[in-house]
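Here the structure is laid out as structure tokens; the discussion comes afterwards.
The values are calculated or read from the model by the stated rules, or taken from the named source; none is laboratory data. The structure displayed is predicted, hence computed values, not measured ones. Glycine also receives a Cβ, built like all others from the backbone with ideal geometry; neighbour counts cover every protein chain displayed.
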Amino acid sequence: SLSPQVRTLMDRIESGLPDGRIPATIFGNAEVHQAELRKIFGRAWVYMAHESEIEANGDYVVRRIGEDSFVVTRDEKGDIHVLFDACKHRGVQICRADSGNTSHFRCPYHGWTYSSDGSLVGAPLWKNAFGNMSKADNGLAKAAQVESFHGLIFATLDPGAPPLREYLGGMAWYMDLLFGLDKDGVEVLGKPQRFVLDANWKSGADNFSGDDYHLGTLHKSVYAIGAFPVPFSENMMGYHIQASPGHSLSFSMAEDADEPGPKFFGFPESLAENFDTANISAHQLEVARRSRVFVGNVFPNFSILALPMTEDGASHPPTGVLTVRCWQPKGPGQVEMWNWFLGYKNMTPEQKDRAYRAGLGTFSLGGAFEMDDTEPWITVGRTGRSVAAELLDFELNYEMGMPGVGMAHPVQDWPGPGKVYWTRYEEGVQRNMYAYYADLMRAEPGQWPEHEF
Ligand code: FES
Ligand code: FE
């Protein structure tokens, strides 16, 4: 169970949220971090990989659940497994590459050998050493549950976690709308990028839950070079959606459905002509048609972004970019950022190339947006670790869009699930994330917080 200090912080989140207050120390406190690994990452569904990264039998990639390594494999029959990267003999790491293709993993210590489905197939001098020992009981450990949604592979270490679809709740409607927009779905464009920041994972999740407000200040230079085609004040028009507890998203959208400007997140018209209702409803298609930006976070640390961008505003018109990313915790003071660019399978090679390059120019370590974002998050972590924040009970302000604060107001006639607000001057999307965060942190093992509004 939680230490008294962590429990007090979680109680303060609960009591402070109705006033839009969150204790800053949750972004740096080491005990909070340890508790998160167990209570959040040890239980929630976390993103592992896209199926297109392990297309062939024998393909594998190494990923993390919390701070622990797992090998995501496609076995010789084509089935997907999420295997704990630790030898059953002495716990030695069995996989020493980030990705590859193999039929077997051989432990470097004594040579126990596992097939790509995790079962133990043998060990050196088996008869002398292990004679009649059961192989069946000595395979690699696996994630408790593994499920795919639109090719996105998620896993959880909690056998009692609700099924993925139930865990996503209303967020599934919005993920359908984006990943199911084109009838054959999406695939990864190239390898993921990763880099380590001295920041807390929650800063990324918080930002992608719908922090649209920072664009006008922090990303001013992006507008200056013309890398993003929707002017700031126009981009603040749209919807903030608490899709279900923990999961939030935001759409940039003109109030008038036929206002000029990018449609379908800026994807090329020749592609958008084929978007239809093969996988989604007419309502979902219409929301996608009107949308300029989709930005959202699947609790805890999986974010999704689609928007029109260009690698070079001077010589290229914007095109649609789709990225998914993980904010991977790495100790209380660090996060490893994982970033994948995706494209619709039916895009032409030229369209995929354009989307990838426009993504690189904006949302990658050297990208115009990403470079801006990372610096402030580093200082959020520093504030969170500070003695002053602890001694002063320093609290952060999440009041935007609360009743009577600013211009946001609830929307009733929205075709999708969740609590919906018009205009993006609103921080209920983040309050939704932290409310669920505190609930899950305080939940007893085996119990799940009410997953209803
Ligand atoms: Fe892996 Fe001994 S630790 S074979
Ligand atoms: Fe940003």
Can you tell me which residue is farthest from Gly366 (Cα to Cα) among those in segment 330-339 that are surrounded by fewer than 23 Cβ atoms within 10 Å (Cβ to Cβ) and modelled with pLDDT of 95 or more?
Lys330
Of those in segment 174-193 that are of a type in the set (A, V, I, L, M) and part of a helix (DSSP H, G or I), the residue surrounded by the fewest Cβ atoms within 10 Å (Cβ to Cβ) is Met175
Arg63: buried (at least 20 other Cβ atoms within 10 Å of the Cβ) and either assigned to a strand (DSSP E or B) or within 16 Å of ligand 1 (Cβ to nearest atom) (or both), yes or no?
yes
If I ask for residues that are out of contact with any Phe, Trp or Tyr (no Cβ under 6 Å at 6 or more places or on another chain) and either without any contact (Cβ under 8 Å) to a residue 60 or more places away in the chain or within 16 Å of ligand 1 (Cβ to nearest atom) (or both), which ones from segment 360-387 would you list?
Leu360, Gly366, Gly367, Met371, Glu375, Thr379, Val387
Could you list, in sequence order, all residues of segment 209-253 that are farther than 19 Å from Gly361 by Cβ and in a helix (DSSP H, G or I)?
Gly216, Thr217, Phe232, Ser233, Glu234
Within segment 86-120, residues within 15 Å of ligand 1 (Cβ to nearest atom), under 17 Å from Asp59 (Cβ atoms) and surrounded by fewer than 17 Cβ atoms within 10 Å (Cβ to Cβ) come out as Arg96, His104
Residue that is closer than 24 Å to Lys191 by Cα and acidic (Asp, Glu), where the choices are Glu36, Glu14, Glu55
Glu55
Condition test on Ala306, is it in contact with a helix residue (DSSP H, G or I) (Cβ under 6 Å, 6 or more places away or on another chain), part of a loop (DSSP other than H, G, I, E, B), surrounded by 16 or more Cβ atoms within 10 Å (Cβ to Cβ) and touching a residue at least 12 places away in the same chain (Cβ under 8 Å)?
no
Which listed residue, of Arg21, Arg43, is surrounded by fewer than 20 Cβ atoms within 10 Å (Cβ to Cβ), touching a helix residue (DSSP H, G or I) at 6+ places or on another chain (Cβ under 9 Å) and either among the small types (Gly, Ala, Ser) or in contact (Cβ under 8 Å) with a residue 24 or more places away in the chain (or both)
Arg21
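Which one is nearest to Ser291 (Cα to Cα) among residues in segment 414-431 that are in a loop (DSSP other than H, G, I, E, B) and charged (D, E, K, R)? Step through it out loud before you land on a result.
We begin by selecting, within segment 414-431, every residue in a loop (DSSP other than H, G, I, E, B); these are 414-418, 423-427.
Okay, now just the ones that are also charged (D, E, K, R), so 424, 426-427.
Numbers: Arg424: 13, Glu426: 18, Glu427: 20 Å.
Out of the qualifying residues, it is Arg424.
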Within the group Gly169, Gly151, which residue is surrounded by 19 or more Cβ atoms within 10 Å (Cβ to Cβ) and on the phi > 0 side of the Ramachandran plot?
Gly169
Check Val298, Val380, Val335 and return the single one that is within 16 Å of ligand 2 (Cβ to nearest atom) and under 19 Å from the mean Cα position of the chain (by Cα).
Val335
Just to verify a result, which residue in segment 194-215, among those that are surrounded by fewer than 24 Cβ atoms within 10 Å (Cβ to Cβ) and of a type in the set (A, V, I, L, M), is farthest from ligand 2 (Cβ to nearest atom)?
Val196
Given the criterion crowded, with 23+ Cβ neighbours inside 10 Å, at pLDDT below 95 and at negative phi, identify the matching residue among Thr374, Thr362.
Thr362
Pick from Val71, Val46, Val82: which is touching a strand residue (DSSP E or B) at 6+ places or on another chain (Cβ under 6 Å), within 26 Å of Val324 (Cβ to Cβ), within 16 Å of ligand 1 (Cβ to nearest atom) and modelled with pLDDT of 95 or more?
Val71
Note down all Cβ pairs under 8 Å where the first residue falls in segment 430-453 and is farther than 21 Å from Gly160 by Cβ and buried (at least 22 other Cβ atoms within 10 Å of the Cβ), the second is among the hydrophobic types (A, V, I, L, M, F, W, C) and at pLDDT 95 or above, and they're at least six residues apart or on different chains.
Arg431/Leu17; Met433/Ala205; Met433/Phe299; Tyr434/Ile13; Tyr434/Leu17; Tyr434/Ile22
Scan of segment 74-111 for residues that are of a type in the set (A, V, I, L, M, F, W, C) and within 23 Å of the chain's Cα centre (by Cα), ordered by number
Ile80, Val82, Leu83, Phe84
Which residue, of Arg325, Arg292, Arg357, is of a type in the set (Lys, Arg), touching a residue at least 24 places away in the same chain (Cβ under 8 Å), surrounded by 15 or more Cβ atoms within 10 Å (Cβ to Cβ) and under 24 Å from Trp45 (Cβ atoms)?
Arg325
Could you run through segment 317-361 and say how many residues are of a type outside the set (A, V, I, L, M, F, W, C) and either part of a strand (DSSP E or B) or within 30 Å of His33 (Cβ to Cβ) (or both)?
15
Checking Val405 against (1) more than 23 Å from Met253 (Cα to Cα); (2) out of contact with any helix residue (DSSP H, G or I) (no Cβ under 8 Å at 6 or more places or on another chain); (3) exposed (fewer than 15 other Cβ atoms within 10 Å of the Cβ); (4) in contact (Cβ under 8 Å) with a residue 24 or more places away in the chain, the condition it does not meet:
(1)
Here are the criteria: (1) assigned to a helix (DSSP H, G or I); (2) in contact (Cβ under 8 Å) with a residue 12 or more places away in the chain. Tell me which single one Ser1 does not satisfy.
(1)
Members of segment 221-243 that are surrounded by fewer than 24 Cβ atoms within 10 Å (Cβ to Cβ) and more than 28 Å from His409 (Cβ to Cβ):
Ser221, Val222, Ala224, Ile225, Gly226
